[in-house]
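We did not get these values from a lab; they are worked out from the coordinates using the rules stated. For clarity, every value in this text was computed on a predicted model and none was experimentally measured. We place every Cβ from the backbone using ideal geometry, glycine too, and count neighbours over all the protein chains shown.
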Amino acid sequence: MHTQALRILIDRCRYEPDIDRQIEMLYEVNSGLPKSEQLRFPSLFTDDYVRGALDIVEAKIVSL
């Protein structure tokens, strides 16, 4: 997935009120990263985890 498209999806995810939809979007963002940069997710997600994971993914995008 193109870097700009990932950034747009990250922004949409940050403002999505539904945690289930946020998680779906986070999976989509993660799958857009190269395999070596993808995050490994825990079995339980919280709002705080999603926000932190988005920050990490965003930092990875900058380094691509």
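Go ahead and set up a Gaussian network model of the chain, Cα springs under 10 Å, then flag whichever of 14, 40, 51 fluctuates most.
Most flexible of the set in this elastic network: 40.
Which Rg and Dmax, in Å, describe the Cα atoms of segment 3-63?
That works out to 10.5, 30 Å for Rg and Dmax.
Among 17, 42, 34, which one moves the most in a GNM of the chain with springs linking Cα atoms closer than 10 Å?
With Cα springs under 10 Å in the chain, the top fluctuation among 17, 42, 34 is at 42.
Given a Förster distance of 22 angstrom, what is the FRET efficiency for residue 43 paired with residue 14, based on the Cβ-Cβ distance and rounded to 0.05?
My answer for the efficiency is 0.45.
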